[in-house]
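The values are calculated or read from the model by the stated rules, or taken from the named source; none is laboratory data. As the structure is a prediction and not an experimental result, all values here were calculated from the model. Neighbour counts run over all protein chains shown; Cβ positions are idealised from the backbone, glycine included. Accessible surface is based on the protein model in full, side chains and every heavy atom, while ligands, DNA and RNA are left aside. Shrake-Rupley method; radii C 1.70, N 1.55, O 1.52, S 1.80 Å.
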Amino acid sequence: MSTVDDLIARSNRLGADRRNTNYAGGNTSAKGTDTDPVTGAPVDLCGSRAPAATSGR
């Protein structure tokens, strides 16, 4: 699973539990690295997803 997929899965899990979020699901963010599919070089990623409960790719 890629870093982006990890962020989406984590956001969905956190957002699904209303004890963890504000109205409408809140948001989550993460930083990580992944591989550029064109160059093969590592790239830094910073993402934020909202609403967390229903975000997708």
- Message: Within segment 35-49, take every residue that is under 13 Å from the mean Cα position of the chain (by Cα) and surrounded by 11 or more Cβ atoms within 10 Å (Cβ to Cβ) and give me the one that is modelled with the highest pLDDT.
- Response: L45
- Task: Kindly indicate whether any position in segment 8-22 is within 13 Å of the chain's Cα centre (by Cα), at pLDDT 75 or above and open to solvent by 80 Å² or more (accessible area, probe 1.4 Å).
- Result: yes
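Restricting segment 23-34 to residues that are open to solvent by less than 50 Å² (accessible area, probe 1.4 Å) and either among the aliphatic types (A, V, I, L, M) or assigned to a helix (DSSP H, G or I) (or both), which is modelled with the lowest pLDDT?
Here the residue is G25.
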